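Worksheet: one structure, shown below.
Since every read-out is calculated from the coordinates, none of them should be taken as a lab result. Computed from a predicted structure; not experimentally measured. Neighbour counts are summed over all protein chains in view; Cβ atoms, including those assigned to glycine, are modelled from backbone coordinates with ideal geometry.
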Amino acid sequence: MNYKIIGFVQGVLLIIEGVFMLLAVAVSGFYGHTDCQALLFASLITLFTGGVLWAGFRNSNKNLGKREGFLIVSAGWVLFSLFGALPFVLSGAMPSFTDAFFETMSGFTTTGASILNGSQIEALSHGLLFWRSLTQWLGGMGIIVLSLAVLPVLGIGGMQLFIAEVPGPAPDKLHPRIKETAKRLWGVYVIFTLLETVLLWLGEMSFFDALNHSFTTMATGGYSTRGDSIGYYQLPYTHYVITVFMIIAGINFTLAYFAMHLRFKAIWRNEELKWYLGFIAGFTLVVAIIVYFSSNGKSAESSFRDALFQVTSIITTTGYATVNYLQWVPSAWILLLILMFFGGSAGSTGGSIKIVRIVLLFKNGFLELKRLIHPNAIIPVRFDRQAVHPHIITNVLAFVSVYMIIVIIGVVVVSLQGYDLETSVGAVAACIGNIGPGIGKVGPADNFAMFSTFGKYFLSLLMLIGRLEIFTVLVLFTSAFWRK
């Protein structure tokens, strides 16, 4: 294990984080808040620590293997959250470091679970609100992918980091050079963020709110500058704009890149996209019908809009809310609970299991019935008109199995702390799926402040495991990983 290169890369990442933290300092200074000094001090601590690591290990061997890649990604997320919590701690905005770490880990993993209630969120300064949203924007595409545009310049190949970080079972490369891939992915990300900012600003949002919500929409993170989330805004225009961009954020970003280059044929052939849009349409229709006929006097348009928004918010793991869906009849919010295990497309900023795995799981299960009737027939699973290698099917089955085992263990651990089953399931599903709000006492109108110190760190671990696709973290706990 090349520990020196690991230390060197962590130093580079902390320097990047410190630089972005300076943006929050500028925002705080612009609005004249007193926590400007706390933000600046946090940034200097981060920059100094990163500089020490960079200087101490800059002459190290630049050999970067898969093992180093996995350790850098996992350790990098923890380190980012530790230093990212400093602005909240030094400004006194959070009651404890545990709460600040939980909030920051929730940000960088784009989970959106918060320990703050509505009034506490709106009491935060503009600088802290901006930093809170920025953690999600950085974590959305992945701070590791961002660094890939820098590391090759320093003489470090980035393919190992790309494999470990980019979400999905088989990330597509837009360019043979990983540096160019990172640049193009981030280019798409920035363009959509700016476009959404302008559209929201043209509506009822201030520029500050529009920018923050664009950060957290494209990251499928769900942090809002308002205590009532998107429910604070009354114009249907605002709800529909955010819904459209949540759908975009849940699509493989390579398809968005193809769209910008008018390669629509390649987009239309993508089977995962069809399933993704089909799931959104189907669940929206069912939920809208349930909400319309179970509510008193709710219009058809309002029922459809709320259903579309919440279905999209949950399946993309964004976690925004326009209504408290737990006030709907149980059949409606149970459907949303099921969607928490779907997730967006592979190669998107969404979390959870991912649509491609769900579809492959269904297809393989259906073909098993055919194989029972025709035991000697070779019937491969097909996706995008191509036969899927059995190794990929095995990987999908393993991923989903381990995912559900972790969910069960998580529910047991949380329930042992005295929480009811509904809350335990909601908290675990929301954290490992990087969704934010769940069911029970962690619904869209509640928060995670009630959990103990152990509970918050345990749920933070689930966020990390879910964000890094489970195996990236779990492999660190195997003896084979550390064996020479």
- What Kirkwood hydrodynamic radius do you get for region 1-165 when you take the inverse of the mean 1/r over all pairs of distinct Cα atoms, in Å? 16.1
- Put a dot 7 Å past each Cα toward the Cβ at residue 61 and residue 240; how far apart are the dots in nm? 6.0
- Rounded to the nearest 0.05, FRET efficiency between residue 97 and residue 267 (Cβ-Cβ, R0 45 Å) equals 0.50
- Message: For region 192-238, what does the convex hull of the Cα positions come to per residue, in cubic angstrom?
- Response: 65
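Two decimals is fine: what's Rg over Rh for region 259-326, C-alpha atoms, Kirkwood radius as Rh? It would help to have the intermediate numbers written out before the result.
On the way: Rg = 14.8 Å, Rh = 13.4 Å.
Using Cα coordinates only, the ratio equals 1.11.
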- Note on the structure: Residue by residue through region 290-297, the couplings from Karplus 6.51 cos²θ - 1.76 cosθ + 1.60 with θ = phi - 60°, in Hz, x for Gly and Pro, are 4, 5, 5, 7, 9, 9, 9, x
- With r defined as the distance between the Cβ atoms of residue 478 and residue 296 and R0 fixed at 51 Å, what FRET efficiency is calculated, to the nearest 0.05? 0.40
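Which ordering of 1, 141, 105 is given by a fewest-first count of other beta-carbon atoms within 10 Å?
Numbers: 1 12, 141 24, 105 30.
Ascending Cβ contact count within 10 Å gives the list 1, 141, 105.
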- Query: Is the chain best put as rounded, prolate or oblate by its Cα gyration tensor, with a ≥ b ≥ c the root eigenvalues, rounded for a/c under 1.5, and otherwise prolate when a/b is larger than b/c, oblate when not?
  - Reply: rounded
- Radius 15 Å from Cβ of residue 238, net charge of other residues (Lys, Arg +1; Asp, Glu -1): -4
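Can you give the extra length, in nm with one decimal, that the chain gains between residue 394 and residue 48 once fully stretched, where that is 0.36 nm per residue apart less the Cα-Cα distance?
Details: separation 346, 0.36 × 346 = 124.56 nm, distance 4.51 nm.
The residue 394-residue 48 span can extend by a further 120.0 nm.
Under 8 Å for C-alpha pairs, at least 6 residues apart: give me the relative contact order for the chain, rounded to a whole percent.
On the way: 816 pairs, mean separation 80.3, N = 484.
Contact order relative to length: 17 percent.
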- Scan around residue 383 for amide H atoms under 5 Å from its own, H built in the peptide plane at 1.01 Å from N, and keep only partners 5 or more places away or cross-chain. 388
- Packing-ranked peptide list from 82-88, 351-357, highest mean Cβ count within 10 angstrom first, is 351-357, 82-88
- Counting only C-alpha contacts under 8 Å and six or more residues apart, can you give the relative contact order of region 1-165 as a whole percent? 28
- Separation of the residue 452 and residue 376 label points, Cα + 7 Å toward Cβ, nm: 6.2
- For labels at residue 408 and residue 117 in the simple 7 Å Cα→Cβ model, what's the distance in nm? 3.7
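Would you please give the FRET efficiency between residue 195 and residue 286, computed as 1/(1 + (r/R0)^6) with r the Cβ-Cβ distance and R0 = 35 Å, to the nearest 0.05?
Numbers: r = 31 Å, r/R0 = 0.88.
With R0 = 35 Å, the Cβ-Cβ based efficiency is 0.70.
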- Note on the structure: Counted neighbours (other Cβ, 10 Å), sorted fewest up, put 379, 5, 465 in the order 379, 5, 465
- Task: Using the Karplus curve 6.51 cos²θ - 1.76 cosθ + 1.60 with θ = phi - 60°, work out ³J(HN,Hα) for each residue of region 17-30 in order, rounded to whole Hz, and write x for Gly and Pro.
- Result: 4, x, 5, 5, 5, 5, 5, 5, 4, 5, 5, 4, x, 4
- Short version: ³J(HN,Hα) in whole Hz for each residue of region 420-430, in order, from phi by Karplus 6.51 cos²θ - 1.76 cosθ + 1.60 (θ = phi - 60°), x for Gly and Pro, what are they? 5, 4, 4, 5, 4, 5, x, 5, 5, 4, 5
- Prolate/oblate/rounded call for region 209-311, Cα gyration tensor, a/c under 1.5 rounded: oblate
